[in-house]
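Asker: I'd like to ask you about the structure that follows.
Please treat every number below as a calculation from the coordinates, not as lab data. Because the structure is predicted, anything quoted here is derived from the model rather than measured. When we count neighbours, we look across all protein chains shown, and the Cβ atoms used for this are built from the backbone with ideal geometry, even at glycine.
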């Protein structure tokens, strides 16, 4: 049983079926019928008129989104452990043509409005200093913690007050919504978010994520993003196979039910390992204290996962699991004492 | 019956089967078993030790290849109608950080060694002028014409003499090999080619192409390309679904049999429209004279294709067709007189 | 007597005096009194409210101007022999982050409105093709020819009709004005020009040129240009020594009298070599037929200049010359027969 | 009496004389006699064969140096208060095409080898993370502190052990040498430094700094830097006026005597304000505690300087001052109690 990553998981059957159903002739690039339904599908999901573009990866989604919000001479305020900082080999710097990532610390890889305000206050408004032009947050965070609607709104207010764009890396957006039980709109445009990278692959997809644009500038930004998408080499010539996956996710509630399953599995493990948790478990990731010996015993019993530095481990659950299916791991964790 | 583009075609069954077979848990990114077999599979195909990387599109393959050959202050000599010039929204300029495309005219969208030499001779070697650092050719060309092994070798010699890299955009490499009947090695490393963008999607794949690196610098360039791939957002988190497609193509001869089918279909149409051809038909594209009325009659009869400027049309055949299946179109063309 | 280039010439005494006068303590960068007078001085010169920034070179001026008019995925229509194409090592591609130079042929290195319109008409408006976003012309052209106010206005109309910016590389703007005898406004904002790179060094300055912004977007573009200037490393820490040079040029009519002197010298040589001219002589450059032997005889007599390909030479006159001072060269040319 | 900045100071007479002496015809760009002497002059100064290029500003020098050491996907380890981080509007990101600045804290704006090693140890060597490729230090630091030869050598050893380049921002290199009393070679190539940005303007120059390349790769890196210099718009067309300034500085000991004067002035003020110092005073900058009232009294007495946050001030001395000339300020500081 593997807890390496939600990437290591197969594609969910509904997505495979959607791909098979899209296997027919149609116009190339994003001229097909499936791509043509994206705006509508995401507008329904977010209960607002939005623009939605498919891209091939979350790194591309994040980078293109930031390029729409931040000029080359600007900066993006983000957490020092954000995926865009530590796991994308500088892709945001590539797509923005050199914008700076202005990193802040913060518990659970979450940004606090006060720290953002302090950072903004410490920048002189002259041409010598890089001006912040965007804030980027990860939902759920790199430690699996969800920003509540109020927390997002507080950052949205800072962004608005300082004329900054607000981007949300939603690789695990579905897991956050599943945990919070709120409407997706409450975590996004109602809270001041301009662009979301909407995750699909970690949640059961094969290839492809969406960039969703909100608000009055949605159309202009999406038009610009279409240029970056093409220029970045992300405009697939058979885009229908990607669009179909996203539609399979969001035209029904597959995105949410998959996330609920993964969260439930994580909840079960968290209850079993409650004395070991390094962070609260809100979505589908657990960070636990685990000695070298304990890790070895779990692995010997067939449970796979990554170490997380010395004396700790990361377990990621996924759409194909649930409370019941991970019971053996829960038992094994409990047995460690 | 559609002749819009080889993009408009469904995925071939063998590729779909390979995707289904890859639908299992494995390590993320390119850490999986399928990705791990690419070097070997392409080395066998090219009869030489090569490095092969998957990327999501031909635009990404071309751009990353050029970024491995040309510094930001350099130039790439190419045909003025090359795909990298007219159909990639400046992607090579993005990935190379601003290298210039040095365009030349030439019949059938093919470069001639003499024109390349003239262009090189016209550049002063001082810091004021952009120095050419690479040549890029398309095989088959944008008008469906194949460079013979000797023609490639002649350009390879120019490249070697001037210290330039030689890149081949092989979106339809398979069609060229199918037409020429030569060994893939004769069109590539034996002729001085450094990097090929090896096409898959136009030839029956769903998503993904390969970048193949030849020669003594293959390993270093591939290592650099891995950085551009990640940085460009092309390192899929479930790469096995892409790698499996490429393996399905090249571990057997599917890549060649698909191309032969498409070429045969084009040959059949070319014979039927021999008086209308704007270019010789060597692979799977036809450019024909066609009046507005004639085009309308064909379309009314259920044949779809793109106009190609005033009084002309482009027909592209694909892997799912062959001599027999396109007989109705051949008849219709013949019937136009 | 040298006719290599207007670069090879000393600084004119008025500029040296202005530098000496600026040699006192003041605020750094562009916070000094001299820099503060630039907008006013250029507004007076152009008879309109303009924004003016100093930069260190013409290459920087051109590149920053183009970066204000053209996004990374756009293109700049220009002559294939323009300085920005052949003499700046790709600097426009650097500052624009990869925009394409869309080159056109044309007699005397001048663009014709019809050719520009044809080029615009040949671009599809989809995301696959690089959209033109600016036109750049050189005044006087690389062959010393001036665009008349009507010629500029015709290009300005094309730019306006297609939503393009219009940039003028005015390294020898003063020489063009001196030749045409028109008001500077007639060659710029009245004719639809958005930004001029205003030359100083070739016309007697030491270090530094100006970027002048016209029209309703002047302020926004200048603010953006200030960022590129700093980011490109052009914000001198003792900017007063540069600003003082520009003021010396344009607060009086030094810019024009220097150019008139250079033009008069060229006129004199042109009259002497009227049978050899490859281009009409309008400003301070002559391109003449000259055999190897003839060139050798002139050089033996102490006249220095550059060859211009086989059987031709380029002579450039400068501010320190005039009709009388170049009489020996005029006589020598006449003596060649 | 002003202590705003060494930028606010006039040009020293020897430099002005050198400019006047260079005011004659010569070849353009860096083809002149003065530019041709730079390698030799700096080789003599550093007692080793070096390559030296002039550029217009320190920002350009730093950025071009870093572009020679770090690829777009790499990172530069530096202090979080380094000039390249906080005062260059992202210029290093521009010239490196997006490399990351990996910032570290540290007392007095100096990097410690241990912190650098820790940072290097925290990076995984996979393609997901930005690999450090260079270290950049400021000599003297942003708080006026000098790295000793041993301290530089310790960082040089870390760089060598990890295959990183080592860059020194030497805007105030002369002041550091003047303080340490060591040979310039001990602070540079003998300690593992690859490239120095050698300051001139803050030390009495008008416009221009040097980039000095050491070691086996000096020639290759300088050749690359010449491309960046041109491409960045820094290749002045009358380069002799800049080269002459650098030669005036380093062909004799003007660079050192100017720095000694500035340091002596600072020493005198430091002694007078010894109870107020926020950092030790080693070169020509003082950071002192100063209340709002005290600052007002000094200003009323004719002493100008910048506040440095709340309750503090920065005083910078310069080449035109010395122990005696700043005595009034020393007295005024002492009088504050």
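Asker: Over all residues in A:235-243, what is the mean tally of Cβ atoms on other chains that come within 10 Å of each residue's Cβ? Could the numbers behind the result be given before it?
Answerer: Details: counts 9, 8, 14, 12, 2, 3, 6, 3, 0.
If you average over the peptide's residues, the count of other-chain Cβ atoms is 6.
Asker: Take every residue in peptide C:19-31, count the Cβ atoms of other chains within 10 Å of its Cβ, and give the average of those counts. Before the final figure, lay out the partial values.
Answerer: Details: counts 6, 4, 0, 3, 7, 4, 11, 6, 5, 8, 6, 1, 4.
Across the residues of C:19-31, the mean count of other-chain Cβ atoms within 10 Å is 5.
Asker: Nm distances between the label at residue D:328 and the same-position labels in the remaining copies, 7 Å along Cα→Cβ, shortest first?
Answerer: 5.4, 8.7, 9.9
Asker: Right, here's the next one. Pick from A:198, A:179, A:94: which is most flexible by mean-square fluctuation in a GNM of chain A where alpha carbon atoms under 10 Å apart are linked?
Answerer: Among A:198, A:179, A:94, the largest GNM mean-square fluctuation belongs to A:94.
Asker: Would chain B count as rounded, prolate or oblate if I go by the C-alpha gyration tensor, calling it rounded below 1.5 in a/c and otherwise prolate when a/b exceeds b/c, oblate otherwise?
Answerer: Numbers: a/c = 1.89, a/b = 1.19, b/c = 1.58.
Note, shape of chain B comes out oblate.
Asker: Please report the antiparallel percentage of the DSSP beta bridges confined to chain C, to the nearest 5. Provide the component values of the computation, followed by the final result.
Answerer: Working: 17 of 36 bridges.
Around 45 percent of the beta bridges assigned by DSSP in chain C are antiparallel ones.
Asker: So, one more: Compute the Cα gyration tensor for the protein assembly as shown, then decide on rounded, prolate or oblate, letting a ≥ b ≥ c be the square roots of its eigenvalues: rounded whenever a/c is under 1.5, prolate when a/b is larger than b/c in the other cases, and oblate in all that remain. Numbers along the way, then the final one.
Answerer: Details: a/c = 1.95, a/b = 1.19, b/c = 1.63.
Here the protein assembly as shown falls in the oblate category.
Asker: Same structure, new question: Which whole-angstrom value gives the distance between the alpha carbon centres of region C:3-78 and region B:281-312?
Answerer: Each part's Cα centre sits 55 Å from the other's.
Asker: Normalised by the empirical 2.2 N^0.38 Å for globular proteins, what value does the Cα Rg of region B:79-219 take? List each step's numbers first, then the result.
Answerer: Numbers: Rg = 14.7 Å, N = 141, 2.2 N^0.38 = 14.4 Å.
Ratio of Rg to 2.2 N^0.38 Å for region B:79-219: 1.02.
Asker: List, shortest first and in nm to one decimal, how far the label point of residue B:311 (7 Å from Cα along Cα→Cβ) is from its counterparts in the other copies.
Answerer: Result for residue B:311, in nm, nearest copy first: 3.8, 8.3, 8.6.
Asker: Moving on to the next point. Given 0.36 nm per residue, what is the gain on full extension from residue C:297 to residue C:219 after removing their alpha carbon distance, in nm? Before the final figure, lay out each step's value.
Answerer: On the way: separation 78, 0.36 × 78 = 28.08 nm, distance 5.38 nm.
Length difference between fully extended and current span is 22.7 nm.
Asker: Please report the relative contact order for region C:13-250, taking Cα pairs under 8 Å with a sequence separation of at least 6, and give it as a percent rounded to a whole number. Before the final figure, lay out each step's value.
Answerer: Values: 468 pairs, mean separation 70.0, N = 238.
Relative contact order here is 29 percent.
Asker: Another question about this same structure. How far, in whole Å, is the closest Cβ of chain C from the axis that maps C onto A, and which residue does it belong to?
Answerer: That would be C:97, 2, residue then distance in Å.
Asker: Taking each label point as 7 Å beyond Cα in the direction of the beta carbon, state the distances from residue D:257 to the same residue in the other copies, shortest first, in nm.
Answerer: 3.9, 8.7, 8.8
Asker: Just from its helices, what would the mean residue ellipticity at 222 nm be for chain D, if runs of 4 or more DSSP H residues each count -39500 (n - 2.57) and the sum is divided by every residue, rounded to the nearest 500 deg cm²/dmol?
Answerer: -11500 deg cm²/dmol
Asker: May I pose another question? If I take R0 = 30 Å and measure r between the Cβ atoms of residue B:324 and residue B:17 in this structure, what FRET efficiency does the formula 1/(1 + (r/R0)^6) give, to the nearest 0.05?
Answerer: On the way: r = 24 Å, r/R0 = 0.80.
Plugging the Cβ-Cβ distance into 1/(1 + (r/R0)^6) gives 0.80.
Asker: Can you give the log10 of the normalised intensity I(q)/I(0) at q = 0.32 Å⁻¹, computed with Debye over equal Cα scatterers of region D:151-204?
Answerer: Debye intensities relative to I(0), on a log10 scale: -1.26.
Asker: Sticking with this one: Mind checking the mean number of beta-carbon atoms from other chains within 10 Å of the Cβ atoms in B:204-216?
Answerer: Across the residues of B:204-216, the mean count of other-chain Cβ atoms within 10 Å is 2.
Asker: Taking a ≥ b ≥ c as the square roots of the Cα gyration tensor eigenvalues, with a/c under 1.5 meaning rounded and otherwise prolate when a/b beats b/c, else oblate, which class fits region A:254-335?
Answerer: On the way: a/c = 1.93, a/b = 1.60, b/c = 1.21.
Because a/c hits 1.5 or more and a/b exceeds b/c, region A:254-335 counts as prolate.
Asker: Would you give the gap between the C-alpha center of region C:197-263 and the C-alpha center of region B:135-195, rounded to a whole Å?
Answerer: Rounded to whole Å, the Cα centres lie 49 Å apart.
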